[in-house]
Amino acid sequence: MQHKTGLMVLFNADTTGLVRGLKRTEKHTKSFKASMMSLSKVIGVGFGAYAIGGIVKKAIQTNIEFEQSMADVRAITKASQSEFAKLEDKAKQLGASTEFTASQVAQLEKEYGKLGFSTQEILDASQATLDLATAVGSDLAEAAGVAG
């Protein structure tokens, strides 16, 4: 029969400092986690604001382009106030209801003005020109040249 022998050692240590340190570490870890969560929210809001800012910038840029195009139309066609209002309304209406933007329609009106079309002729030809450009896959300036 074999006897097992062994050594048993008992340690008695004051772990108060260790426990306090671990609790402090836990507290700092929770604080760090909360800070990271707040930071992630701020970053998310920042990216959201950046995206919205880009959208707003694009909308403003689009409006500026449209206004400039319409100013060119007015200068070239020498349209009266009421005629100009009709041209502007037509560009907006076609821009909203076709694959072309209002700025592109304004460019078309400008091209027709350069060709010597009257306001009424421009109004009458615009929809058909958009249809032609769509059908043949050309841009509006080219379609205006063909139609004009």
Q: Provide a single number: the residues in region 11-49 that are modelled with pLDDT under 65 and either under 11 Å from the mean Cα position of the chain (by Cα) or under 30 Å from Ala96 (Cβ atoms) (or both).
A: 1
Q. Of everything in region 87-103 that's among the aliphatic types (A, V, I, L, M) and either surrounded by 16 or more Cβ atoms within 10 Å (Cβ to Cβ) or over 16 Å from Thr134 (Cα atoms) (or both), which residue is farthest from the chain's Cα centre (by Cα)?
A. Leu87
Q | Considering residues of region 119-148 that are within 17 Å of Met70 (Cβ to Cβ) and modelled with pLDDT of 90 or more only, the residue surrounded by the fewest Cβ atoms within 10 Å (Cβ to Cβ) | A | Leu123
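If I ask for residues that are of a type in the set (Lys, Arg) and either in a helix (DSSP H, G or I) or surrounded by 12 or more Cβ atoms within 10 Å (Cβ to Cβ) (or both), which ones from region 59-83 would you list?
From region 59-83, those of a type in the set (Lys, Arg) are 74, 78; that's our starting set.
Within region 59-83, just Arg74 meets the criteria.
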(Q) Show me the helices (runs of 4 or more DSSP H) found entirely inside region 99-148 where at least 2 residues are closer than 19 Å to Asp72 by Cβ and of a type in the set (Asp, Glu). (A) 102-114
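The values are calculated or read from the model by the stated rules, or taken from the named source; none is laboratory data. Owing to the predicted nature of the structure, the values given are computational and were not obtained by experimental measurement. Ideal geometry is used to build each Cβ from the backbone, glycine not excepted, and the neighbour counts take in all protein chains shown.
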